[in-house]
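The values are calculated or read from the model by the stated rules, or taken from the named source; none is laboratory data. Because the structure is predicted, anything quoted here is derived from the model rather than measured. Methodologically, a virtual Cβ is constructed for each residue, glycine included, from the backbone with ideal geometry; neighbour enumeration extends over all protein chains shown.
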Amino acid sequence: MTGTAKDNNGQPLTGASVMAVHTPSGKTYTTIAGKDGVFNILNMRPGGPYSLKITFYRFAAFYA
């Protein structure tokens, strides 16, 4: 999974914590967003669904 962590104003969240959870199994995958908020999680289980949680400083967003 590859993406970009951004705030509500579209600004990148460099250093944000990114967690993807494979909903059927509960398996979690984590990484830290790098430069410009870009993150990449390798070797994820194929298929889904996944839920994604991005946290940064005192900011948290949850997408399902």
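Where the second residue is in a loop (DSSP other than H, G, I, E, B) and of a type outside the set (Ser, Thr, Tyr) and the first is on the phi > 0 side of the Ramachandran plot and lies in the stretch 25-51, which pairs have Cβ atoms under 7 Å and are six or more apart or on separate chains?
Within 7 Å, the pairs are 37/5; 37/13; 37/16.
Taking the stretch 21-38, which residues are hydrophobic (A, V, I, L, M, F, W, C) and either touching a Pro at 6+ places or on another chain (Cβ under 6 Å) or closer than 13 Å to residue 5 by Cα (or both)?
32, 33, 38
Report those strands (runs of 3 or more DSSP E) wholly inside the chain carrying at least 1 residues which are of a type in the set (S, T, N, Q), surrounded by 13 or more Cβ atoms within 10 Å (Cβ to Cβ) and at pLDDT 95 or above.
2-4, 17-22, 28-32, 50-56
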